[in-house]
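Written below as structure tokens is the structure these notes are about.
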Amino acid sequence: QVQLVESGGGLVQAGDSLRLSCSASGRTFSSYAVGWFRQPPGKEREFVAAITWSGSNTYYRDSVKGRFTISRDNAKNTVYLQMSSLNPEDTAAYYCAAANRLRGLSWSDFGSWGQGTQVTVSS
């Protein structure tokens, strides 16, 4: 198990950019796949992006392709989500999650979760 802490959320305007960070504790973090999920107000949690342990493979939900980029720095035990061209539909609580093996992109495929960071995009 790893412990995860998200940061970087905030209130921005439509069209702005924001970078979220997911910092992890644990010596084996570099062997974990990491995903970002979000939960918009009144809606269910949804997959946003994921990255394999090496960073060689990344995955995105269709609505963020070309706008969001997931990356990781294993030396810093940190995964990032760079978000650009934000729009009000991106407003949500964002969570990072880790999986010791990437079997799928559902929230149930990830066993360790952070507390979340709020992103609010005003129009």
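Quick rundown of the values:
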read-out: From phi via Karplus (6.51, -1.76, 1.60), per-residue ³J(HN,Hα) for the range 96-105 in Hz, x at Gly/Pro; value: 9, 8, 10, 9, 6, 8, 7, 9, x, 10
read-out: SER56/SER123 FRET efficiency (R0 41 Å; Cβ-Cβ; nearest 0.05); value: 0.65
read-out: Gain in span if fully extended, GLN82 to SER17, counting 0.36 nm per residue against the direct Cα distance; value: 22.7 nm
read-out: Distant-in-sequence amide H partners of SER112 (H built 1.01 Å from N, under 5 Å); value: ALA98
read-out: 1.4 Å probe accessible area per residue over the chain, in Å²; value: 52 Å²
read-out: Note, ³J(HN,Hα) from phi for the range 64-72, Karplus 6.51, -1.76, 1.60, rounded to Hz, x at Gly and Pro; value: 10, 4, x, 10, 10, 9, 9, 8, 9
read-out: Accessible area of the chain belonging to carbon and sulfur atoms, whole % at 1.4 Å probe; value: 44 percent
read-out: Heavy atoms of LYS76: accessible area, 1.4 Å probe, square angstrom to 10; value: 130 Å²
read-out: For TRP113, solvent-accessible area (1.4 Å; no DNA, RNA or ligand), Å²; value: 70 Å²
read-out: Nearest-10 value in Å² for the accessible area of ARG72, using the 1.4 Å probe; value: 40 Å²
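The values are calculated or read from the model by the stated rules, or taken from the named source; none is laboratory data. Since we're looking at a predicted model, the values are computed, not measured. Positions of Cβ are generated from backbone atoms using ideal geometry, with glycine treated the same way; all protein chains shown enter the neighbour counts. Please note that ligands, DNA and RNA were not included when accessible areas were found on the heavy atoms of the full protein model with its side chains. Shrake-Rupley method; radii C 1.70, N 1.55, O 1.52, S 1.80 Å.
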